[in-house]
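To keep things clear, I will list the structure first and then write my remarks on it.
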């Protein structure tokens, strides 16, 4: 996700790519689903279901879309990406118990 001018962002979206704003809006849609499900399902159960779904979809993309031959390299890359995202979110003060933020 890089800085792009408006016409570059429009062209990228037309090609099905996500700029930073579209990326975050798409992620928010998944968080909204989780928050709705969390009204009926324990968060400790729900986050594992989302993790499973993410792993399943990532495997689909690796095998069916990207034709990844070296599975372990892909696993390492995705694991590193997940760890960095998780660390960033854990450091986010908006997610502290005293904040009003959800998901």
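Computed from the coordinates by the stated procedures, all read-outs in this text should not be read as laboratory data. Because the structure is a prediction, the values reported are computed rather than measured. All Cβ positions, even for glycine, are placed from backbone atoms using ideal geometry, and neighbour counts span all protein chains on display.
FRET efficiency for residue 46 and residue 80, Cβ-Cβ distance as r, R0 = 25 Å, nearest 0.05?
0.55
Find how many whole Å separate the alpha carbon centroid of region 46-85 from the alpha carbon centroid of region 21-39.
So the separation of the two Cα centres works out to 19 Å.
Order of 57, 82 from fewest to most other C-beta atoms within 10 Å?
Fewest-to-most Cβ neighbours within 10 Å comes out as 57, 82.
For residue 5 and residue 70 in one chain, what is 0.36 nm times their gap in residues minus the Cα-Cα distance, to one decimal in nm?
19.9 nm
Using only the Cα atoms of region 56-103, each taken as one equal point scatterer with no solvent, compute I(q) by the Debye sum, divide by I(0), and report log10 of the ratio at q = 0.17 Å⁻¹.
-0.62
Provide, as a two-decimal number, the C-alpha radius of gyration of the chain over 2.2 N^0.38 Å, N being how many residues it has.
Normalised Rg, Cα atoms only: 1.27.
Which of 78, 64, 48 ends up with the largest GNM mean-square fluctuation for the chain, with Cα atoms connected below 10 Å?
Among 78, 64, 48, the largest GNM mean-square fluctuation belongs to 64.
If I model a spin label at residue 98 and residue 22 as a point 7 Å from the Cα along the Cα→Cβ vector, what separation in nanometres do I get?
4.0 nm
For the chain, what is the mean residue ellipticity at 222 nm derived from helices alone (per DSSP H run of n ≥ 4: -39500 (n - 2.57); sum divided by total residues; nearest 500 deg cm²/dmol)?
About -21000 deg cm²/dmol.
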